[in-house]
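Beneath this line is the structure, given in structure tokens, with notes to follow.
The values are calculated or read from the model by the stated rules, or taken from the named source; none is laboratory data. Since we're looking at a predicted model, the values are computed, not measured. All Cβ positions, even for glycine, are placed from backbone atoms using ideal geometry, and neighbour counts span all protein chains on display.
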């Protein structure tokens, strides 16, 4: 027996496990970090950008609906509702744009991860399955970066 392999687990395995492992290897080759990073960046950006658009009129004028939400429903602690509404509206525009560009990806994902934590803890604690799915995508970006199709890569940023 070859000392670098264990019984039945070498690359020449022709059984079901071997077929499975060959397919898994091909999938690993085709579903690269670049593809995962790009898909994660666009997915999270869309969620937050579209949410941000509901809080503004025109380009970036925070609307009355946003102020009412932060006064009556969201009630984020430590921040007056007027300031929280502005911060959320601007963050939900800025960070998604940066994510789509792949610029400051880790910072942008971390900022939106922080927003998600605030939403989960203080606003919609029962929505944890949704927030967990967002968090998983953001944790991938925080840990691995924007990938090869990003301005981060062009600028030599990790």
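Test of understanding: among 118, 76, which residue is assigned to a helix (DSSP H, G or I) and in contact (Cβ under 8 Å) with a residue 24 or more places away in the chain?
118
Which members of region 55-69 meet the condition of being touching a helix residue (DSSP H, G or I) at 6+ places or on another chain (Cβ under 6 Å) and either within 17 Å of residue 114 (Cα to Cα) or not in a helix (DSSP H, G or I) (or both)?
55, 56, 62
Report yes if residue 89 is touching a residue at least 24 places away in the same chain (Cβ under 8 Å), closer than 25 Å to residue 57 by Cα, assigned to a helix (DSSP H, G or I) and in contact with a helix residue (DSSP H, G or I) (Cβ under 9 Å, 6 or more places away or on another chain), otherwise no.
Yes: the conditions hold for residue 89.
I'd like the full set of residues that are crowded, with 17+ Cβ neighbours inside 10 Å and on the phi < 0 side of the Ramachandran plot, limited to region 102-122.
Selection gives 103, 105, 106, 108, 109, 111, 112, 113, 115, 116, 119, 120.
Please state which of the following conditions residue 149 fails to meet, knowing it meets all the rest: (1) buried (at least 16 other Cβ atoms within 10 Å of the Cβ); (2) in contact with a helix residue (DSSP H, G or I) (Cβ under 6 Å, 6 or more places away or on another chain); (3) under 26 Å from residue 31 (Cβ atoms); (4) touching a residue at least 12 places away in the same chain (Cβ under 8 Å).
The one condition residue 149 does not meet is (1).
Looking at region 74-88, can you tell me whether even one residue there is surrounded by 15 or more Cβ atoms within 10 Å (Cβ to Cβ), within 27 Å of residue 35 (Cβ to Cβ) and modelled with pLDDT of 95 or more?
Among the residues of region 74-88, not one is surrounded by 15 or more Cβ atoms within 10 Å (Cβ to Cβ), within 27 Å of residue 35 (Cβ to Cβ) and modelled with pLDDT of 95 or more, which makes the answer no.
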